[in-house]
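The structure appears right after this line, and notes come after that.
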Amino acid sequence: MGTGTDILRNPPGRAVRIVRCADYADSLAPAFARLLAESALLGPQDVAGRRVLVKPNLLTDRAPEQAVTTHPAFLRLVIRHLKAAGAEVSVGDSPASAANLRAVLEKTGVGAVCKEEGVPFVSFEREGVRACSVDGFNFTLAGPVAEADLVVSLPKVKSHSLTKLTAAVKNLYGAVPGYDKTTLHRHYPRPDDFGRLMQAIWRVLPPTVSLADAVVGMEGQGPANGRPAKLGFLAASADPFALDIALCGILHIKPTSVPYLKGLADLHAPEVAGDSVDIASFEVPVGSHLLSLVPAGLMRVAARVLWVRPRIDAGKCVNCGRCIKACPVNALTRPEAKGHTIPALRKKSCVGCACCHEVCPQGAIHMAQSPVLRLAHAFHGLD
Ligand code: SF4
Ligand code: SF4
């Protein structure tokens, strides 16, 4: 993999290093040390005297064992390593818009780690933004991200109801602060537009190293309401697209079925090295990515028969209102009608972005597919 030269001057390319790691206890420190040594990433040549922003995945307020967020033990090792190598370290993220930051920091264990390790946590919502215009996309980057010399991204490897996989690339989407993220979902509802947007975002970020937490990931109804899945490895790369394509190989996902990886297989073909990892099966939500097959001009017509929408389980819903707050198009409303006990959905407004699903603390929202979409999925070759 890398040569050990300064990453800011010599980007190390598409190399991806995989190291097995059985748990977050005794196995973690030696596996992490191997990952850094073998990848030749994040040595003093890369980080000494530089402002390094560590960005875990803090999607919402869940405990570490629920496998929604980056494990705090992994974050602690990363912070300690960077400080020892001479970096000026801060930690930051932008949780889903409806989540309360204090609750997120407490529940995930990340607040305690930052305090104990003596590094500041910066909220992307409170530190200003930088406006960017790239490849026809207009978006903002959180100030702490734009001003960092280097970003160390710590994605949690999970299934995702909109993009099938969420890992290195989607963790960097968190560089866009809260409400702006929600607005972008509204402007780019088609999965492949969203994918191109993520490529544009990556182009304006400072140099980035991704260290993926796949010791325990999530499968099924990810990214917030699936099942923890023991995957047993860590992965590193300076190219988030190459890393995600490598993860697809391990998790039996076709990269072409992940909207933000479509058409990138050659450009970011990973050079994978390290341990071989054998995952027997990994369940991903199906269907929503098929929307990317529909030409943009036909979306309005196609939307009548090809849709992915939230279905709320009245038995689980506690009417907390988080999904209503998170919806970028106000498709969910308070249950005002008599007899309604759960939020009501305006079907025509829904763009299938799954933001509501991501923030539901009860796992009450399932992203349901239209019958035509389910049928399409049943045919081999469309997936
Ligand atoms: S569906 Fe979930 S997020 Fe929405 S009101 Fe019910 S419990 Fe809250
Ligand atoms: S209802 Fe849910 S899936 Fe539909 S647009 Fe709103 S947040 Fe997205």
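Any read-out appearing in this document is the output of simple, stated calculations on the displayed coordinates, not a laboratory observation. From a predicted model like this one, the values you see are computed outputs, not experimental measurements. When we count neighbours, we look across all protein chains shown, and the Cβ atoms used for this are built from the backbone with ideal geometry, even at glycine.
Some points to look at:
- Selection from region 361-374 of residues that are more than 16 Å from Ser159 (Cα to Cα) and assigned to a loop (DSSP other than H, G, I, E, B): Pro361, Gln362, Ala364, Ser370
- Looking only at region 238-262, and only at residues there that are without any contact (Cβ under 8 Å) to a residue 60 or more places away in the chain, surrounded by fewer than 23 Cβ atoms within 10 Å (Cβ to Cβ) and not hydroxyl-bearing (Ser, Thr, Tyr), the one that is nearest to Asp46 (Cα to Cα): Gly249
- Scan of region 130-156 for residues that are more than 22 Å from Gly43 (Cα to Cα), touching an Asp or Glu at 6+ places or on another chain (Cβ under 7 Å) and hydrophobic (A, V, I, L, M, F, W, C), ordered by number: Phe139, Ala142
- Only one of Ala15, Ala96, Ala85 that is of a type in the set (A, V, I, L, M, F, W, C), buried (at least 21 other Cβ atoms within 10 Å of the Cβ) and more than 17 Å from Ala236 (Cα to Cα): Ala96
- The C-beta contact set for region 164-182 (first residue in a helix (DSSP H, G or I), second residue among the basic types (Lys, Arg) and surrounded by fewer than 24 Cβ atoms within 10 Å (Cβ to Cβ), distance under 7 angstrom, 6+ apart or interchain) comprises Tyr173/Lys181.
- Some residue of region 91-103 being in a helix (DSSP H, G or I), closer than 30 Å to Leu184 by Cα and of a type outside the set (Lys, Arg): yes
- Scanning region 118-163 for residues that are of a type outside the set (D, E, K, R), on the phi < 0 side of the Ramachandran plot and not in a strand (DSSP E or B) returns Val119, Pro120, Phe124, Gly143, Pro144, Val145, Ala146, Ala148, Pro155, Ser161, Leu162, Thr163.
- Just one of (1) over 30 Å from Glu65 (Cα atoms); (2) within 16 Å of ligand 2 (Cβ to nearest atom) fails for Thr166. It is (1).
- The residue list Asp180, Asp149, Asp193 contains one member that is out of contact with any helix residue (DSSP H, G or I) (no Cβ under 9 Å at 6 or more places or on another chain) and not hydrophobic (A, V, I, L, M, F, W, C), which is Asp180.
- Residues that are of a type in the set (A, V, I, L, M, F, W, C), within 30 Å of Asn10 (Cα to Cα), touching a Leu at 6+ places or on another chain (Cβ under 8 Å) and crowded, with 24+ Cβ neighbours inside 10 Å within region 202-237 comprise Val209, Leu211, Ala212, Ala214, Val215, Leu234, Ala235, Ala236, listed in sequence order.
- Number of residues in region 99-129 that are surrounded by fewer than 22 Cβ atoms within 10 Å (Cβ to Cβ), over 21 Å from Ala48 (Cα atoms) and not aliphatic (A, V, I, L, M): the value is 13.
- Residues of region 146-168 that are closer than 18 Å to Leu184 by Cα and β-branched (Val, Ile, Thr): Thr163, Thr166.
- Residues in region 322-344 that are loosely packed, with under 14 Cβ neighbours inside 10 Å and away from ligand 2 (no atom under 12 Å from the Cβ): Arg334, Glu336, Ala337, Lys338, Gly339, His340, Thr341.
- Considering region 106-126, the residues that are without any contact (Cβ under 8 Å) to a residue 24 or more places away in the chain and of a type in the set (Lys, Arg) include one that is nearest to Lys83 (Cα to Cα), namely Lys115.
- Summed over region 345-374, residues that are farther than 18 Å from Gln221 by Cα, more than 10 Å from ligand 2 (Cβ to nearest atom) and of a type outside the set (D, E, K, R) total 2.
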